[in-house]
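Worksheet: the structure to be examined is printed underneath.
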Amino acid sequence: MENVKRAMKMTQKAMESLSQKNTVLDYLAWRGDLTLAQDPFNEVDALLLCIFSYIDYRRIQQLCSWNIRDALPIGEVCDRLTEQDEQLGLSQMAYIPVMRLAATTRRFAGVRMFAFENELNEQQELQFAAMGYLLPDGTVFAAYRGTDTSFVGWKEDFNLSFLESVPAQQYATAYAECMALLCPDRPLRIGGHSKGGNLAAWAAMRLAEDLQPRLLAAYNNDGPGFSEDMGQDAGYQQVRHKLHTFVPASSIVGVLLHHEQSYAVVDSTNRGIWQHEPLSWCVTGGRFTRVEKRSAVGQLSDEVLQDWLANMDNETRRGLTEAIFEVISQKGKLKSLDELQEGPAGAIALLKAYNAAGEEQRHTIAMTMENLAREVRADLRAAAWKQLKKMLGLTEKSER
């Protein structure tokens, strides 16, 4: 209950502090009276549906039905939600009030929800959740949830760096295909936030060839990319014009791995890594507010992370992943971030787990963190020198 109250308080505080810039909350207040017939579906609508996929719908059994006749109006779903159903993502913001606000608008009131899926399998290292939406414009939208607080979900994210594919990507493709087959008269859109964005892009590229013409768009909202050779992939070439990728100026999550297609850089009311929170994204009309380039922090994180990853082959990345999760899960005893103690007690527990790990695991973590620190130092020195030259008005010619 205290966590819910804290989340609600943070959400209210954020809403009160966003007066200088318009966000998705302002979008609902100012443009919610426009139906999809009056103003066609856009990228902000897609983000909102992706945000709602984080909410925990497991208590509403009817939502698990794949029968379109069982689809529930969004307002009725909101009526059934309680505080215990609040979102399962990493954000501290409350998402149920946002969904309730959307349900009161003409734009979203006609949305119906169905086909909720929620899979967590420790053996398969799988964390997957998705929600289907029947929209008043005659389309269907599949929204994939991002990473939750489970260690399984986090490990699957790490696995993206060295595996050709992860189980959630396979589930995402199957989910999109089932959605298209169940709604043969409806064009399809798919999207997600964080890891959910990666799943949407992957599903778009792997969608069955006979279903590809039905796909209108796939939205990757600050989700990781793929390996650098993805640009040569036939599936990617077929749908590249339908992929829409958005990252905030100081994004870290969304620039992990490689985005073959160009992405739009989005303004945010937050700073640093907290720009990953979708409720902080700025909106102008029916579009996200673009900025010309990534922030200095964002560009520096790009360089550090890309250089760091480039120095590790797949086996090294696999070894690091296994070592890290051996430690933070205390050899499998803990299942989620929620089980980690906060404050000094949590730090002490992690230190004890690290000391109790095998010599090989400790060596892998220590060496990798040393390499990361080296990359950070090098990039910080380069950035500082670049800034100093700029302040002094030095150019290459003047230096000579």
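Worth pointing out:
- Taking a sphere under 13 Å around the Cβ of VAL140 and counting the other residues whose Cβ falls inside, with K and R at +1 and D and E at -1, yields a net charge of +1.
- Fewest-first ranking of PHE41, PHE52, using other Cβ atoms within 10 Å as the exposure measure: PHE41, PHE52
- Efficiency of FRET between GLU164 and ASP137 - r from beta-carbon atoms, R0 35 angstrom, step 0.05: 0.45
- Efficiency of FRET from Cβ geometry, ARG290 and GLN84, R₀ 35 Å, rounded to 0.05: 0.40
- Kirkwood radius, the stretch 2-295, all distinct C-alpha pairs, inverse of mean reciprocal distance: 18.9 Å.
- The fraction of all Cα pairs in the stretch 29-147 landing in successive 10 Å bins from 0 to the largest distance is 13, 47, 32, 7, 1, given as whole percents.
A short reminder: the numbers here are calculations on the coordinates, not readings from a lab. Here the structure is a predicted model, which means the values were calculated and not measured. When we count neighbours, we look across all protein chains shown, and the Cβ atoms used for this are built from the backbone with ideal geometry, even at glycine.
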